Amino acid sequence: MLDKEFNQKAINDIYKNAHLALQSISDLLPEVDDEEIKKELQEEYEGYEKIIGEISTFMAENGIEPKDVNVFKKAMMWGSIKMKTMINNSRNQVAEMMINGTVMGINELTAMKNEHENLDEGVLNLLNKLLELEEEYEQRLKKYL
């Protein structure tokens, strides 16, 4: 794969990672009763919105068309969140769900970073920024377990 194509795929994967996190929070917030964790989720939502803005700006400046997350994947995620919170929407359950999703994102970003030394500097900077954000959120969520 050409470096340009490789970097386009990489930035789209980074965009999708952040977008899935944003979508998860959006799906989860209406189900949360606990005000303290709800506030945490709202702060995380704002953080993901900000980085998605930065990623989108980078993509626009480089003529890269963002590819949205698969509609089926979004629907499956929404259904999973609704089912889990219908059974238990406690602070602990919400934190566990968010931590699991965040760790999946961290793992994907870390694998991308470790496997691909050909990343463009701008792509790598955004990857690192999102990775740091997700690692921070994972630590913050642990206090709700």
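The values are calculated or read from the model by the stated rules, or taken from the named source; none is laboratory data. These numbers come from a predicted model, not from an experiment. Counting neighbours? That spans all protein chains shown, and the Cβs are built from the backbone with ideal geometry, glycine included. Ligands, DNA and RNA are excluded from the accessible area calculation, which covers all protein heavy atoms including side chains. Shrake-Rupley method; radii C 1.70, N 1.55, O 1.52, S 1.80 Å.
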What are the residues in the stretch 26-47 that are touching a residue at least 24 places away in the same chain (Cβ under 8 Å) and within 19 Å of residue 142 (Cβ to Cβ), if any? 28, 32, 34, 36, 37, 40, 41, 44, 47
Is it the case that some residue within the stretch 111-118 is surrounded by fewer than 14 Cβ atoms within 10 Å (Cβ to Cβ) and touching a helix residue (DSSP H, G or I) at 6+ places or on another chain (Cβ under 7 Å)? yes
Does residue 94 satisfy being open to solvent by less than 20 Å² (accessible area, probe 1.4 Å) and in contact with a His (Cβ under 7 Å, 6 or more places away or on another chain)? no
Criterion first (more than 13 Å from the chain's Cα centre (by Cα), surrounded by 14 or more Cβ atoms within 10 Å (Cβ to Cβ), within 16 Å of residue 130 (Cα to Cα) and not acidic (Asp, Glu)) does residue 56 satisfy it? yes
Filter the stretch 78-135 down to the residues that are of a type in the set (Asp, Glu), in a helix (DSSP H, G or I) and modelled with pLDDT of 90 or more, then identify the one that is nearest to residue 28 (Cα to Cα). 96
If you go through the stretch 26-53, how many residues are open to solvent by less than 50 Å² (accessible area, probe 1.4 Å) and in a helix (DSSP H, G or I)? 13
Within the set of pairs 6 or more residues apart or between chains, which connect a residue that is within 21 Å of residue 3 (Cβ to Cβ) inside the stretch 101-130 to a residue that is open to solvent by less than 50 Å² (accessible area, probe 1.4 Å) and not in a helix (DSSP H, G or I) with Cβ atoms less than 9 Å apart? 112/119; 113/119; 127/119
